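The values are calculated or read from the model by the stated rules, or taken from the named source; none is laboratory data. Remember, predicted model here, so these are calculated numbers, not experimental data. We place every Cβ from the backbone using ideal geometry, glycine too, and count neighbours over all the protein chains shown.
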Amino acid sequence: MSYNIALVKGDGIGPEIVDSAVEVLCEIGKKYNREFSFTPYAAGGNAIDKYGIPLPKETVDGCKASDSVLLGAVGGPKWDTLSGDKRPEKALLGLRSELGLFTNLRPAKIFSSLKDACTLRPDIIEKGFDLVIVRELTGGIYFGERGRRTGKYGEEAFDTEAYSKFEIERIARVAFETAQKRRKKLTSIDKANVLETSRLWRETVHEIAKEYPDVEVSDMLVDNAAMQLVRDPSQFDVVVTSNMFGDILSDEASQITGSIGMLASASLGSTKCGLYEPIHGSAPDIAGKNIANPIATILSASMMLRYSLDLQEEADTIDKAVEKTLNDGLRTADIAKGKEYLSTDEITKEIIKRL
Ligand code: NAD
């Protein structure tokens, strides 16, 4: 069986970390007799330099025609002064929307060998945590009507949040199904004490809950959730929330794991073709130095095998090789705590040795 994977390496450390993940995939291909073919496409700052726009049509078409998309990260200081539609991040929003990717899955778990990198108190870390944030990705305030106008106090700006029942139903189903495959506990996060969209969110999640009686569901206000995540993250299994709340909470969840260089994400829609990327950005401060941590991207490739290509055993093998590498004490600079560390290339080779 062969699989056609679109590679959007992006900017900054993007090319280095995607190359590491490709090396791992090629090795997995040899081990399990799978054929992966890779086609690179431009997006973000490099596409602006080459084509004058962050997301060329060729990239959209190529990604749509692929079995799945592996992305590094986009953006950097070179393009920071560009306005609105010209910004590199537009490539991400555009790709998600063109591929109809309405769900973002972000696992956040503590690796036992990296407990000392976690920023929480030892008694909290001791309990461990392993949660998944299911974030709605194509609706809400990031896609609502916006603009500038003259208001009561002169110039003002506005952004609007709108959610249809349909959008809430489909993300709720993904969240319940994710919970069914895990510890069967779902926390729905909203701001229903203030926002009308949150009240529809809450009502709809409870309607959908009737289809999943085996999943225990509860609601939590977003301000409380932000607090609970650092107070006792072990209470969460699957969390479902809107686009903006998910954006903020998933960064908080990643921070408490110790390093953003370790966390993967998957964006999924109604077809098998998903977009897989590390949660961190293009890290321009360390680009080109061969010191970036490639693990988030390697684990993103593993999620791609699991969710888009149905290659569970291959995905398990990658996850175990990463865990073993860490358990053997091998580290990149971001997680070495000032001790000896390996380069991007070296840690990639160590992971490959353990596949
Ligand atoms: P960042 O995630 O790129 O970097 C934050 C810090 O974490 C930096 O010190 C960086 O060196 C470090 N870091 C990140 N990934 C790492 C890795 N794999 N290994 C080791 N260290 C790592 O966030 P930022 O600095 O706020 O943003 C830099 C650029 O990335 C900006 O242009 C931003 O717009 C863009 N960005 C892109 C995405 C994306 O493509 N999905 C996401 C966030 C930010």
Within the set of pairs 6+ apart or on separate chains, which have a first residue in region 107-123 that is under 26 Å from Tyr276 (Cβ atoms), a second that is among the small types (Gly, Ala, Ser), and C-beta atoms under 6 Å apart? Ala108/Ala253; Ala108/Ser254; Ile110/Gly128; Leu114/Gly258; Ala117/Gly258; Ala117/Ser259; Cys118/Gly258
With respect to Gly329, is the statement that it is in the same structural domain as Ala43 (by TED's automatic domain parsing), under 28 Å from Asn4 (Cβ atoms) and either among the small types (Gly, Ala, Ser) or within 16 Å of the ligand (Cβ to nearest atom) (or both) true? no
Can you name the number of the only condition in (1) of a type outside the set (Phe, Trp, Tyr); (2) more than 28 Å from Asp247 (Cβ to Cβ); (3) touching a strand residue (DSSP E or B) at 6+ places or on another chain (Cβ under 7 Å) that Lys31 fails? (3)
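Results for (1) modelled with pLDDT of 95 or more; (2) surrounded by fewer than 21 Cβ atoms within 10 Å (Cβ to Cβ), shown as yes or no for each residue.
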{"position": "Ser2", "(1), (2)": "no, yes"}
{"position": "Val8", "(1), (2)": "yes, no"}
{"position": "Asp19", "(1), (2)": "yes, yes"}
{"position": "Val22", "(1), (2)": "yes, no"}
{"position": "Ser37", "(1), (2)": "yes, yes"}
{"position": "Ala47", "(1), (2)": "yes, no"}
{"position": "Val69", "(1), (2)": "yes, no"}
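Hey, among the residues in region 81-98 that are surrounded by fewer than 22 Cβ atoms within 10 Å (Cβ to Cβ) and assigned to a loop (DSSP other than H, G, I, E, B), which one's modelled with the lowest pLDDT?
For region 81-98, the residue satisfying everything is Ser83.
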From the options Lys127, Lys184, residue that is surrounded by 14 or more Cβ atoms within 10 Å (Cβ to Cβ), under 23 Å from Pro107 (Cβ atoms) and in contact (Cβ under 8 Å) with a residue 24 or more places away in the chain: Lys184
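Which residue out of Ala287, Ala321, Ala296 is out of contact with any Ser or Thr (no Cβ under 6 Å at 6 or more places or on another chain) and surrounded by 23 or more Cβ atoms within 10 Å (Cβ to Cβ)? I'd like the intermediate steps shown before the answer.
Details: Ala287 fails: surrounded by 23 or more Cβ atoms within 10 Å (Cβ to Cβ); Ala321 fails: surrounded by 23 or more Cβ atoms within 10 Å (Cβ to Cβ).
Only one candidate passes the filter, namely Ala296.
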Name the single residue that is surrounded by the most Cβ atoms within 10 Å (Cβ to Cβ) among those in region 211-245 being under 13 Å from Thr187 (Cβ atoms) and among the hydroxyl-bearing types (Ser, Thr, Tyr). Thr241
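Could you please give the count of residues in region 326-355 that are within 16 Å of Asp116 (Cα to Cα) and of a type in the set (S, T, N, Q)? Before the answer, list the steps.
Within region 326-355, the first condition is being within 16 Å of Asp116 (Cα to Cα), and the residues that meet it are 326-341.
Applying the additional criterion that residues be of a type in the set (S, T, N, Q) yields 327, 332.
Total satisfying the criteria: 2.
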Residue among Ile279, Ile248, Ile256, Ile208 that alone is crowded, with 16+ Cβ neighbours inside 10 Å, hydrophobic (A, V, I, L, M, F, W, C) and out of contact with any Asp or Glu (no Cβ under 8 Å at 6 or more places or on another chain): Ile256
Only listed residue being closer than 30 Å to Gly52 by Cα and away from the ligand (no atom under 16 Å from the Cβ), chosen from Gly94, Gly128, Gly147, Gly84: Gly147
